[in-house]
1. Cβ contacts < 9 Å: first residue open to solvent by 70 Å² or more (accessible area, probe 1.4 Å), restricted to segment 89-102; second residue outside any helix (DSSP H, G or I), any location; separation 6+ or different chain. Result?
2. If you take just the strands (runs of 3 or more DSSP E) that sit entirely in segment 169-219, which of them hold at least 2 residues that are free of Cβ contacts under 8 Å to residues at least 60 places away in the same chain and on the phi < 0 side of the Ramachandran plot?
3. Of all residues in segment 215-255, how many are under 21 Å from ILE132 (Cβ atoms) and of a type in the set (D, E, K, R)?
4. Could you tell me which of the residues GLU110, GLU135, GLU101, GLU72 is of a type outside the set (Lys, Arg) and assigned to a helix (DSSP H, G or I)?
5. Under the condition of being under 22 Å from the mean Cα position of the chain (by Cα) and aliphatic (A, V, I, L, M), which residue from segment 186-212 is modelled with the lowest pLDDT?
6. Restricting attention to segment 192-212, does a residue exist that is open to solvent by 30 Å² or more (accessible area, probe 1.4 Å) and aromatic (Phe, Trp, Tyr)?
7. Just to verify a result, which residue in segment 124-150, among those that are of a type in the set (Asp, Glu) and under 20 Å from the mean Cα position of the chain (by Cα), is farthest from ASN252 (Cα to Cα)?
8. Out of (1) within 26 Å of TYR240 (Cα to Cα); (2) at pLDDT 75 or above, the odd one out for GLN28 is which?
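The values are calculated or read from the model by the stated rules, or taken from the named source; none is laboratory data. These numbers were taken from a predicted model, which means no experiment stands behind them. Don't worry about glycine lacking a Cβ; one is built from the backbone with ideal geometry, like all the others, and counts go over all protein chains shown. Calculation scope for accessible area: heavy atoms of the full protein, side chains included, ligands and nucleic acids excluded. Shrake-Rupley method; radii C 1.70, N 1.55, O 1.52, S 1.80 Å.
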Amino acid sequence: MHMRNVAALVAVLLWPVVTFAKTSSQSQSTEESKKLPTGSEAERKARMKARASAPAYTRKFDLSGLPHYVPEEKPVGKLRVCGNNYIGDAPLGGWWKEAFEKFQPGVQIEYNLPSAAIAIPCMYLGLADIGINHEPSFYDYLGHLRMKGYEPLGISVFTGSYNYVGWQNNLVIIVNKDNPITKISMKQLDGIFGSVRDGGWVGSSWHPEMKRGPEGDIRKWGQMGLGGEWADRPIGVHGYALRYATAIEFSNKVLQASDKWNGDLHTYANYKPPNGTTYLEADQIFDHIR
């Protein structure tokens, strides 16, 4: 099976156009990380070191009402967990390991957490028992199906961070604070971000019944029920580069995983301008919207 984060989808009234993004201003290189190959596991770990050990939230949750785990069996062996680096970059993986082995001392948890990108391959190549991953890609599903004879089973184990930069991000829909719209449905999001399609994907299976025609496209605010000066205004659409897992997750939840997007969608990815800092995709979105 694989484990994934399932991001919440909410509407926040902030900026002039609809977008899906995370906010960020902290994911910059450190003196230590600059000495390492850019993008490597070691470089990312060094860059996130300070944040990983600092508490992000001070709110304490009362878990006393939850039932206590009482193991009915005592298995023996090794549990191999592969994938998402954030679990190892932060103390969370260590806390999980310590708590689990306290109840199951016969089981040794072994982590291999360089990147979510290897979670599913680790499983279908027999290198892991659990993969911690984003929404699997088409070839994640297909590779697992070809090698194992079935698609991986997904279980949601945690959501994204609410307002802390650099960890698992939530998907957020934002519009201008002066825009009178108060809510956007999932179907309307499909109309805004999507386009005509002949079907959609569920895992590695194609479903023609998920098709929709041009009548489902929403390109002006008047189609969202806004009148007056808003009625004929085009909806400017911005978001993540479509190769990002974030865009794939959005497509899977909103566009029936069809890969048919609004042709006017502006997309952005991280890059380094001449000053050497990382210009994050979310910051580019906000800057263009402003």
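1. TRP96/VAL81; TRP96/ILE109; PHE100/LEU79; PHE100/VAL107; PHE100/ILE109
2. Values: elements: 171-176, 200-202, 205-207.
Strands (runs of 3 or more DSSP E) meeting the threshold: 200-202, 205-207.
3. Qualifying residue count for the region: 3.
4. Values: GLU110 fails: assigned to a helix (DSSP H, G or I); GLU135 fails: assigned to a helix (DSSP H, G or I); GLU72 fails: assigned to a helix (DSSP H, G or I).
Within the list GLU110, GLU135, GLU101, GLU72, the selection yields GLU101.
5. The selected residue is VAL202.
6. Step one: of segment 192-212, the residues open to solvent by 30 Å² or more (accessible area, probe 1.4 Å) are 196, 198, 201-202, 205-212.
Checking which are aromatic (Phe, Trp, Tyr) leaves us with 201, 206.
Scanning segment 192-212, I find at least one residue that is open to solvent by 30 Å² or more (accessible area, probe 1.4 Å) and aromatic (Phe, Trp, Tyr), so the answer is yes.
7. Residues of segment 124-150 that are of a type in the set (Asp, Glu), as a first pass: 129, 135, 140.
Narrowing further to those that are under 20 Å from the mean Cα position of the chain (by Cα): 135, 140.
On the way: GLU135: 8, ASP140: 14 Å.
Only one residue tops the list, namely ASP140.
8. All conditions are met except number (2).
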